[in-house]
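The values are calculated or read from the model by the stated rules, or taken from the named source; none is laboratory data. Source: prediction; values computed, not measured. When we count neighbours, we look across all protein chains shown, and the Cβ atoms used for this are built from the backbone with ideal geometry, even at glycine.
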Amino acid sequence: MDKKLKVLLIGSGGREHAIVKAIKNSPILSELVCAPGNGGIARDCKTVDISAENIDKIVKYAVSEKFDLVISGPEVPLSLGLGDKLREVGIPVYGPSKNGALLEASKAFSKDFMKRNAIPTAEGVSFTSFQEASKYIESVQHRVVIKASGLAAGKGVVLPETKEEALEAAREMLEGGMFGESGREIVVEERMEGEEASIMLVVCGRKYVMLPASQDHKRVGDGDTGPNTGGMGAYAPAAVANASVLADVRSNIVEPTLAALEKEGIDYRGTLYVGIMITKSGAKVVEFNVRFGDPECQVLMPLISSDALEMLYDTACGRLNPDSVKIGGGFATIVVVCAKGYPGSYPKGCEIVLPNSDSIPKDSWIIHAGTKAQNGKILSAGGRVLGLVGKDLTLRGALKKSYGLAEMIDFPDGFYRKDIAHRELERG
Ligand code: AMP
Ligand code: GLY
């Protein structure tokens, strides 16, 4: 490609920092700007102080500064219509339009979409009235899961142990204002049993690249204990999604989903994240997201050995060639360092002393999530603060690099899980 690209990336988390690292040395990049970015992103590229949710300001800025490509890291701007507005003014964007973003922004839409297109998923029914929901919950034989339909930053799902707990969760969402607007509609689902994996696809209409399967670690404590978080660590490829599972996912989930999107008039260009449960009767969809997972993105980017920017740009322009995307061998892992107290309340503004970039070993990266740069120092600014990423030929080698980085940082107010990838290691 002759033209060099001026790229605007939206977001401020570890996912976006991983994207910055993956594209900043691309031979087709002329300039990279991130809005709003974080303390680490600001060390790698220019940042501009525009909130990811202020889509009108983003569009104005993208037009006035003549960007060639906008990449949306998070889902919220997409669900507000960032993709539509940019396409209207002729700027290619990596991320679906509002109609595609509904797959994540409305679990009720997503469940109906899967039902009407025969895509394997848990049985599920949507409700806006507690009376109706409670009748249904009382009537079913299976265990249920209660989900707020709208966006809830990954926290809108309750896994009740008893019928009473299920009724209570439904009542709190529909009548008690739990999750606000997002909980005005709920989905009551059958509870599935099995192991979970995340499958991320780069989708351009009917064409797609399936990136290596990954596995996130939702619980805060070692051994998968304690409350749910945004994700404490991840690794890829996840062997639980073996060749036969992946073949099942391709033919029974991915291809029918892309055909259904096309049939329903949704021109999807961006990431489709398929959370799956590997059940006794095959893989089933737990959820769709319309962006890269965080922290899964941080382990996928290092495994892409071709030019990631070219892949994102071609997708945004509607001309992805899946064969041009190359995945390197080996494994990548991330250990997320959080502020003590997370996912409950935690202090912000605590200093983090990081190693000099020259002393960071090869195939090891310190990814910033909730950090900010102030007077030459890096301070914590969120619950998930840093991601320690390692890549190696073996899973153990990658983990050694991630945990090796932990020894190099000085952050007394932080903590991290010591057992990332334990299930995979136990399988041997
Ligand atoms: P979601 O936000 O829909 O991915 O749900 C969050 C988490 O809740 C998932 O990663 C699963 O661990 C669990 N979960 C959601 N739906 C179900 C289900 N139908 N059966 C069992 N577990 C579920
Ligand atoms: N790591 C899960 C997510 O990004 O939704």
Considering V209, V203, V140, which residue is out of contact with any Lys or Arg (no Cβ under 8 Å at 6 or more places or on another chain), more than 16 Å from ligand 2 (Cβ to nearest atom), of a type in the set (A, V, I, L, M) and modelled with pLDDT of 95 or more? V209
Only one of these is surrounded by fewer than 24 Cβ atoms within 10 Å (Cβ to Cβ) and either under 26 Å from A234 (Cβ atoms) or within 14 Å of ligand 1 (Cβ to nearest atom) (or both): R191, R171. Name it. R191
Checking the condition of a type in the set (D, E, K, R) and either free of Cβ contacts under 8 Å to residues at least 12 places away in the same chain or more than 16 Å from ligand 2 (Cβ to nearest atom) (or both), which residue from K155, K115, K147 passes? K115
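Let's see how each residue does on (1) charged (D, E, K, R); (2) buried (at least 18 other Cβ atoms within 10 Å of the Cβ):
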{"residue": "I146", "(1), (2)": "no, yes"}
{"residue": "A153", "(1), (2)": "no, no"}
{"residue": "V158", "(1), (2)": "no, yes"}
{"residue": "E161", "(1), (2)": "yes, no"}
{"residue": "E164", "(1), (2)": "yes, no"}
{"residue": "G183", "(1), (2)": "no, yes"}
{"residue": "I186", "(1), (2)": "no, yes"}
Output for segment 315-339, where each listed residue is surrounded by 14 or more Cβ atoms within 10 Å (Cβ to Cβ) and over 30 Å from E262 (Cβ atoms): G330, F331, A332, T333, I334, V335, V336, V337, C338, A339
For segment 13-54, how many residues meet the condition of being touching a residue at least 60 places away in the same chain (Cβ under 8 Å), crowded, with 18+ Cβ neighbours inside 10 Å and outside any helix (DSSP H, G or I)? 6
Please list, ordered by first then second residue, the pairs with beta carbon atoms under 7 Å, 6 or more apart or interchain, first in segment 237-265 and closer than 13 Å to E196 by Cα and in contact (Cβ under 8 Å) with a residue 12 or more places away in the chain, second of a type in the set (D, E) and buried (at least 18 other Cβ atoms within 10 Å of the Cβ). A238/E424; A239/E424
So, in segment 180-196, exactly how many residues are within 16 Å of ligand 2 (Cβ to nearest atom) and either at pLDDT 95 or above or not in a strand (DSSP E or B) (or both)? 1
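Would you be able to tell me the number of residues in segment 106-125 that are away from ligand 1 (no atom under 13 Å from the Cβ) and either over 19 Å from E193 (Cα atoms) or not β-branched (V, I, T) (or both)? Talk me through it step by step, then tell me what you get.
Applying the first criterion (away from ligand 1 (no atom under 13 Å from the Cβ)) to segment 106-125 yields 109, 112-113, 115-119.
Checking which are either over 19 Å from E193 (Cα atoms) or not β-branched (V, I, T) (or both) leaves us with 109, 112-113, 115-118.
Number of matching residues: 7.
Might you let me know whether segment 245-259 holds any residue that is within 16 Å of ligand 2 (Cβ to nearest atom), surrounded by 22 or more Cβ atoms within 10 Å (Cβ to Cβ) and modelled with pLDDT of 95 or more?
Step one: list which residues in segment 245-259 are within 16 Å of ligand 2 (Cβ to nearest atom), which gives none.
No, segment 245-259 contains no residue that is within 16 Å of ligand 2 (Cβ to nearest atom), surrounded by 22 or more Cβ atoms within 10 Å (Cβ to Cβ) and modelled with pLDDT of 95 or more.
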What is the number of the single condition among (1) without any contact (Cβ under 8 Å) to a residue 60 or more places away in the chain; (2) over 19 Å from R219 (Cα atoms); (3) surrounded by fewer than 18 Cβ atoms within 10 Å (Cβ to Cβ) that S380 does not meet? (3)
Could you tell me how many of the residues in segment 36-78 are in contact with a helix residue (DSSP H, G or I) (Cβ under 9 Å, 6 or more places away or on another chain) and charged (D, E, K, R)? 6
Which residues, taken from segment 272-320, are within 11 Å of ligand 2 (Cβ to nearest atom), assigned to a strand (DSSP E or B) and either over 23 Å from G11 (Cα atoms) or hydrophobic (A, V, I, L, M, F, W, C) (or both)? V286, F288
